[in-house]
Structures are given as C-alpha cells and as structure tokens.
Amino acid sequence: MRADLLVEPVAGCDEALAVVDGFDRALAGGLLRPRAGADVALAALADAVGGTPLGPLVTEAAEKAGAGVAGEEDLVALAGARVAILGSVHDALVARLDEATWRTREVWPGAGEVTQQSANLLAAARSWLADVARVGWHGMDHELVAGAAPVVSVMLPDTGLRRLATLLDGFAAELAASCPGATLERVPVRRWADLWSRAMLLTEPGAAGSRTVTGAGPADVVAAAGSSSTTATVTGRLLPLGIDLHEHATAVQAQIHAVLEPADGGAPRLVRASVSVPKPDTVVGMGVWQLLRPHMSLIAAFSEGRAMDLADMPITAEGDLRWSDDKARRSEPADPFAAARLVLPTATAACTAPLARHPARIAELVFLEGYKVADGVLELSGGRLVLDTDRIPEASPLTPELVRASTSCIGLVRWDAGTFTLQPLAVEAPVKKKATAVHAGAWAGGTADKEGVQAEKAAAEAVTVLRERAGKLLRK
C-alpha cells in the first residue's frame with residue numbers, strides 16, 4: 001500500500017466540510033429564528049451545490065430558511081444538499097484509498113425497485129423532523145421530542161418503514177436524554193445533523209431507490225437520494241479475515257470482513273456478513289459473543305480458522321451478505337493471513353449506496369507488513385496511519401501492546417477528524433518469542449485460552465441469571 005498518499009490532503013475536502021459545519025451550527029440554533037451568521041452558512045450550502053441540478057432548489061430553500069419561513073420541502077432540500085456534500089467528500093477519500101491500495105471498485109447499479117410506502121406516515125415523520133429543525137437542539141424540550149413516539153409505534157410493524165422508524169426512535173431517544181436543550185453545555189452537532197438529514201431524506205417516497213447527478217465537490221458527484229435493497233446471489237468460497245464488533249448499551253453487531261472467491265472463477269470480491277442482536281446493558285465482554293453465536297455459523301467457522309462454502313447466498317450491491325446458515329457450510333482450514341497476502345490484493349471492493357456515502361462510514365479492509373510502530377502511529381512507505389486501538393473488543397486476546405510489537409496487520413482504514421486511521425482486526429506478533437497470529441475476534445466462537453475461559457464462565461453466569469429473570473417475568 002502507498003501509505004504516502006494517505007498523508008497528502010485531498011483537494012476540496014476541508015472546504016466542503018467547512019460548509020457542512022456552518023450549516024450544522026445554523027441547524028443547532030434553529031431555523032425558525034436563525035441566529036446571526038446563519039444566513040451566510042445557508043448561502044454557502046447553496047453555493048456548494050450551485051453547479052448541480054440541486055442548485056436552484058437549494059438556493060430558494062436557503063433564502064426561505066434565512067428568513068425563518070422554510071417549509072418542509074425546503075428543509076428536505078437543505079438536508080439533500082448536506083448529504084450530497086458529505087457524499088462528495090466520501091467519494092474523494094475512497095478514491096484516494098483506491099489509489100493507495102491499487103484497488104478496483106464496483107459501480108453502483110442504479111435505482112432498485114421502489115416499494116409502496118404510506119404517504120401519511122412519511123408526512124408525519126417529516127413534520128416532526130421539521131419542527132425539530134425549526135427550534136434547533138438548543139430549543140428542544142420533552143414535549144417536542146415525545147412527538148416522535150406515536151409515529152414510530154405505527155411505523156415499526158411495516159417492514160418497508162422499519163429503517164426510518166428505527167432511526168427516528170434512536171434519534172428521539174438521544175434528544176430526550178439531553179432535554180431541555182437550553183441547558184446543554186455540549187452538543188453533538190455533527191452527529192445529530194447526520195441523523196436529522198438522513199431521516200429527512202428517508203421521509204421522501206422512493207428514497208429506497210437512487211439517482212445520481214454530476215456536480216461540484218471533491219469527487220464531482222452528489223447523491224440525490226437513498227440506497228437500494230436489490231440483491232443478487234453468490235456461490236463460492238468465503239475466506240473470513242477479521243471481525244469488527246459494534247457495541248451499544250442495548251444492542252451489539254458483529255461484522256465479519258471477508259473475501260469471496262466466486263465458484264465461476266471470477267475476480268475475488270470484498271464482502272461483509274453481519275449479525276445484530278439486542279442486549280441488556282449489563283451484558284458486556286464475553287457475554288456479547290454468547291448472544292451473537294447462536295445466530296450465525298460463520299462466527300464459529302472464523303474462530304476455528306475455517307473457510308465456508310456458499311451456495312446462492314443473497315448479497316446486496318454494497319457487498320453485504322444476507323446471511324442464511326442454510327446456504328453455507330464449513331469448508332477446509334483457511335489461514336486469514338495467507339488469504340490476506342495472496343487473495344486480498346486482487347479483490348474488488350464493493351460500491352456504496354448513494355445515501356450511505358459519508359466519511360464516517362469508510363472502513364476499507366487492508367493488509368500491511370514491513371512497518372514500524374511508534375507513539376501510536378504506524379509508519380509505512382513514507383506514510384503514517386494513526387492506530388485506533390480503542391475499537392479492539394474488551395473480550396479479545398488482541399491488545400495495544402501486541403499491536404505495537406506486531407510485524408504484520410489485517411485492519412480497517414477509516415477516516416476520523418481529518419486523518420486516515422487504522423483499526424487492527426488481527427496482527428502477527430511475537431508471543432513467547434514465537435510469531436503468532438492474534439485476532440480481535442478470536443474468542444467470538446469460544447476459546448480454550450485460560451484468560452478467555454475465565455471470562456467466558458463469568459459471562460455465562462450473568463447471561464443465565466438474566467434469562468431466568470426474563471423467563472419469570474414472562475410467566476407472570
């Protein structure tokens with residue numbers, strides 16, 4: 001990998017992000033009575049997409065918002081412009097990564113089938129989001145935030161609306177936990193603006209499809225709408241390389257990054273397989289793995305160092321396998337580091353759905369060796385990558401010390417706070433003077449490791465107690 005390319009600034013990114021930051025500050029203050037400087041930020045947002053088909057619509061919306069008279073459709077246009085600008089930053093950063101890794105990438109196939117959705121429910125969600133934008137984060141109160149609950153409760157049973165319902169539910173919960181907004185000392189301005197703008201676009205009928213238009217920005221591409229649920233099927237050998245664990249107080253997800261070797265002899269593909277489950281906030285560490293194991297055979301196969309043979313497994317355009325244990329079986333042993341050395345360099349990367357194009361979503365699988373680690377920074381071929389060891393799961397044999405002593409690494413390159421970072425998923429490092437492969441997800445399927453066994457036993461007792469209590473409550 002040409003790590004030197006990752007330290008060079010990407011033209012236009014800082015300017016694009018500054019425009020987004022300005023709009024986010026205006027949104028935080030509320031668009032019913034915009035604060036001083038908000039009109040300038042709104043005008044800058046309109047100028048950033050002025051050379052695209054979005055230009056006239058966003059210009060009008062910005063003028064109305066600056067005057068405090070923006071309607072719901074105007075706010076949708078502003079959200080679309082914000083998403084488009086962040087999408088262009090995403091594209092520019094991914095293009096730089098592809099250049100640094102000599103990686104080819106699939107092209108987005110276009111709009112999928114648009115499902116019929118309830119116009120009334122979408123309008124209700126859009127109305128609530130518009131009210132939130134008008135008062136801003138500093139003006140919100142419990143009564144306003146509670147307005148999302150009736151909409152969410154009606155949306156959740158509808159599978160076509162569940163994505164939006166889940167987003168609204170989580171967003172409203174975060175806002176409720178911070179009410180009243182007038183007393184907030186610190187506001188997660190970028191995060192709440194991300195959630196608001198994504199939800200706003202999902203209230204538009206047909207947001208599940210997509211259309212792209214050429215325009216201004218670092219990558220000269222802006223997205224006008226969402227993502228696609230269109231799937232194909234794949235058959236071949238799956239070589240899992242690492243597990244990325246995403247943990248929340250009430251939910252957890254294991255995302256397995258892998259390379260698929262198609263049975264028809266086509267080029268290898270980078271793919272992901274994910275499993276998510278709800279969890280009590282008291283279940284942590286090894287207890288998290290215990291919740292995940294029963295739902296995906298791939299977790300056990302990874303822990304055993306085995307490949308899997310897939311037959312007609314559904315896959316999305318973004319490279320996400322819609323996992324079904326019925327369409328997979330364990331295969332021969334497969335060393336992740338051998339696969340990373342031999343197969344990963346030739347693998348084609350998946351594309352990203354238009355609405356999902358955001359710098360925070362970048363997570364590119366790479367294999368690195370021949371580097372040096374000093375002061376939390378990995379130095380390679382004239383470049384530097386900040387090591388993000390905080391993402392290593394608590395229940396894992398991989399430690400920051402092993403990362404610092406490592407000679408090779410499988411990891412995810414991310415982009416955070418203006419720089420590329422590396423999240424280690426596995427390393428080869430000396431353990432008792434012997435080169436050993438250590439994986440962040442090594443204990444996912446269980447372990448014979450002494451430390452892991454102790455953690456497993458403690459977690460099992462906690463999970464058993466919780467299940468017994470849940471059973472008593474259900475019987476009552």
Report relative contact order for the stretch 231-476 in percent, whole number only (criteria: Cα-Cα under 8 Å, sequence separation at least 6). 20 percent
If you take every residue apart from Arg329 with its C-beta less than 14 Å away from the C-beta of Arg329, what net charge results, scoring Lys and Arg +1 and Asp and Glu -1? -2
Just from the alpha-carbon atoms, what are the Rg and Dmax of the stretch 28-97 in angstroms? 12.9, 42
Quick check of the Kirkwood formula: for the chain, what is the inverse mean of 1/r over all pairs of different Cα atoms, in Å? 24.0 Å
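Please report, to one decimal in angstroms, the Kirkwood hydrodynamic radius of the stretch 3-223 built from all distinct Cα-Cα pairs. Don't jump to the answer; show the numbers that get you there.
Values: mean 1/r = 0.0548 Å⁻¹.
Hydrodynamic radius (Kirkwood, Cα pairs) of the stretch 3-223 is 18.3 Å.
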With only alpha-carbon pairs counted, each pair once and no self-pairs, how large is the Kirkwood hydrodynamic radius of the stretch 231-476 in angstroms? 19.0 Å
Whole-Å semi-axes of the ellipsoid equivalent to the stretch 58-110 (Cα gyration tensor, √5λ, descending): 35, 12, 6
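For a quick check: sort Ser408, Ser276 by the number of other beta carbons within 10 angstrom, fewest at the front.
Lowest count first: Ser276, Ser408.
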Any residue on another chain or 5+ positions along whose placed amide H is under 5 Å from the amide H of Ser408 is listed here as Glu428
Roughly what angle does helix 189-202 make with the longest principal axis of the chain, taking Cα atoms, 0 to 90 degrees, to the nearest 10? 80 degrees
Once Thr436 and Ser127 are pulled to full extension, the length gained, defined as 0.36 nm per residue separation minus their Cα-Cα distance, is 105.6 nm
Can you tell me the 0 to 90 degree angle between the C-alpha axis of helix 13-29 and the longest principal axis of the chain, rounded to 10? 60 degrees
What is the Cα coordinate range of the stretch 36-158 on the first, second and third principal axes, sorted by size from largest, in whole angstrom? 53, 43, 26
Cα axis of helix 55-66 to longest principal axis of the chain: angle in degrees, 0 to 90, nearest 10? 70 degrees
If I stretch the segment between Asp158 and Ala460 completely, what's the gain in nm (0.36 nm per residue apart, minus their alpha carbon distance), one decimal? 105.2 nm
Sequence-separation-based contact order of the chain, relative, with Cα cut under 8 Å and 6+ spacing, percent: 16 percent
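Throughout, read-outs are computed from the coordinates displayed, never taken from laboratory work. Everything numeric in this text was worked out from a predicted model, so none of it was measured. No Cβ is skipped: glycine too gets one built from the backbone with ideal geometry, and neighbour counts run over all protein chains shown.
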